[in-house]
1. Do we have Ile133 as exposed (fewer than 15 other Cβ atoms within 10 Å of the Cβ) and assigned to a loop (DSSP other than H, G, I, E, B) here?
2. Looking only at residues in region 99-124 that are in contact (Cβ under 8 Å) with a residue 24 or more places away in the chain and not hydrophobic (A, V, I, L, M, F, W, C), which one is surrounded by the most Cβ atoms within 10 Å (Cβ to Cβ)?
3. Looking at region 74-98 only, could you name the residues that are among the hydroxyl-bearing types (Ser, Thr, Tyr), touching a Ser or Thr at 6+ places or on another chain (Cβ under 8 Å) and farther than 19 Å from Leu116 by Cβ?
4. Go through region 49-82 and give me each residue that's under 21 Å from Ser120 (Cα atoms) and of a type in the set (Ser, Thr, Tyr).
5. Can you tell which of Gly140, Gly159, Gly51 is among the small types (Gly, Ala, Ser) and modelled with pLDDT of 95 or more?
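The values are calculated or read from the model by the stated rules, or taken from the named source; none is laboratory data. Keep in mind it's a predicted model, so treat the numbers as computed, not measured. As a convention, Cβ positions derive from the backbone with ideal geometry for all residues, glycine included, and neighbour counts pool all protein chains shown.
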Amino acid sequence: MPIIARVLRVWHLPAAEDVPGFSPTRLIARWASQRRYYIVKDKRPVNLDIGSMRLPITAWASITHRATGVFLFAGIAVLLWALEASLSSPESFASLQESLDSPLLKLVIWAVVSALIYHSLAGIKHLVMDFGIGESMEGGLRGVRIVVALSAVLILLAGIWIW
């Protein structure tokens with residue numbers, strides 16, 4: 001049995017001899033004419049050069065939010081080391097106090113606190129946007145400006161407090 005006759009039988013269509021003027025080539029031509037084949041030329045670049053792209057400030061804020069999250073993950077090790085050293089014994093607590101006077105450790109602590117400040121404020125902005133507030137482009141720009149301004153002020157205050 002030819003393939004077209006099998007297809008007609010599976011689709012519960014009448015056999016070829018029951019349809020006047022039936023020919024398999026006409027059936028295939030009709031089927032092909034009803035199908036629409038869209039040939040789309042892909043004009044997107046294959047290799048993106050991120051360095052040459054001009055990203056909006058909202059994109060930079062989102063990238064920075066992710067970067068501070070990664071930095072905080074690494075900074076937790078420093079904070080846990082300091083907590084362990086402060087709770088081990090009175091001698092280790094005294095040595096931690098002495099090492100906290102070094103400018104390098106103060107800089108590391110300030111960097112971790114700065115990342116925590118920015119990441120927290122940007123996270124709050126994301127939560128506010130999840131409630132539907134500030135989802136437009138203007139609202140996003142305003143939110144980023146508020147986060148950056150508040151972060152700058154709080155990071156400076158944290159630097160004054162740590163130093």
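1. Values: exposed (fewer than 15 other Cβ atoms within 10 Å of the Cβ): yes; assigned to a loop (DSSP other than H, G, I, E, B): yes.
It is true that Ile133 is exposed (fewer than 15 other Cβ atoms within 10 Å of the Cβ) and assigned to a loop (DSSP other than H, G, I, E, B).
2. Tyr118
3. Taking region 74-98 first, the residues among the hydroxyl-bearing types (Ser, Thr, Tyr) are 86, 88-89, 92, 95.
Subsequent filtering for residues that are touching a Ser or Thr at 6+ places or on another chain (Cβ under 8 Å) retains 86, 92.
Once the filter is applied, which keeps residues that are among the hydroxyl-bearing types (Ser, Thr, Tyr), touching a Ser or Thr at 6+ places or on another chain (Cβ under 8 Å) and farther than 19 Å from Leu116 by Cβ, region 74-98 yields only Ser92.
4. Within region 49-82, Thr58, Ser62, Thr64, Thr68 meet the criteria.
5. Just a single option satisfies the conditions, and that option is Gly159.
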